[in-house]
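Step one of this worksheet: look at the structure below.
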Amino acid sequence: QGAPAAAPPLTRRRINWEDLGFLARLVRRGVNADEEWKSTWTQYCEEWRIKPDLSGTPPKEPLTLFVERNIWQLVNKEWAKDLMYKFEGQDDAPPKPGPGSPG
């Protein structure tokens with residue numbers, strides 16, 4: 001019996017910058033999981049004079065700019081791993097949110 005097969009390597013997903021629901025999901029998950037991320041989002045919303053409330057989808061320009069500016073953090077956050085990375089050969093579409101998922 002050989003060793004179990006290794007999982008395929010992880011690669012970065014391509015982000016669809018037109019998918020505002022996905023971008024809001026990224027931000028929402030971070031706000032729910034990470035105080036530092038929540039603080040960054042709240043300060044950013046104050047600069048843009050928009051509500052930090054994520055019950056709806058924030059306006060496109062501030063939302064996409066926030067994710068662009070903070071992508072360097074996202075690629076290293078454990079809570080964002082399944083949204084930012086995929087197994088080699090998988091589709092770039094992010095996984096569907098599960099029941100009770102934080103975002």
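Just so it is clear, none of the values below were taken in a lab; they were calculated from the coordinates. Just so we're clear, the structure is a prediction, and the values are computed from it rather than from any experiment. Cβ: placed from backbone, ideal geometry, glycine included. Neighbour counts: every protein chain shown.
Where a Cα-Cα gap under 18 Å defines reach, which aspartates and glutamates qualify for Lys77, not counting those fewer than 8 residues away within the same chain? Those aspartates and glutamates meeting the cut-off are Asp34, Glu35, Glu36, Glu68. Structural descriptor for the chain: relative contact order 44 percent, calculated from alpha carbon pairs under 8 angstrom and at least 6 residues apart. The phi torsions of region 14-24, fed into the Karplus equation with coefficients 6.51, -1.76 and 1.60 and a -60° offset, translate into couplings of 7, 8, 8, 6, 8, 8, 5, x, 5, 4, 5 Hz, rounded to whole numbers, with Gly and Pro shown as x. Hydrodynamic radius of the chain by the Kirkwood approach over all distinct alpha-carbon pairs: 14.7 Å. Distant-in-sequence amide contacts of Tyr85, defined by a placed amide H-H separation under 5 Å and a gap of 5 or more residues or a different chain, comprise Arg13. Calculated mean residue ellipticity at 222 nm for the chain: -14000 deg cm²/dmol, from DSSP H runs with n ≥ 4 weighted as -39500 (n - 2.57), summed, divided by the residue count and rounded to 500.
Which of the peptides 89-95, 77-83, 14-20, 25-31 is most tightly packed, and how do the rest follow, going by the mean number of other Cβ atoms within 10 Å of each residue? All intermediate terms of the calculation are to be shown ahead of the outcome.
Numbers: 89-95: 11.4, 77-83: 15.4, 14-20: 13.0, 25-31: 22.0.
Output ranking for 89-95, 77-83, 14-20, 25-31: 25-31, 77-83, 14-20, 89-95.
Relative to the longest principal axis of the Cα atoms of the chain, the long axis of helix 35-48 makes an angle of roughly 40 degrees.
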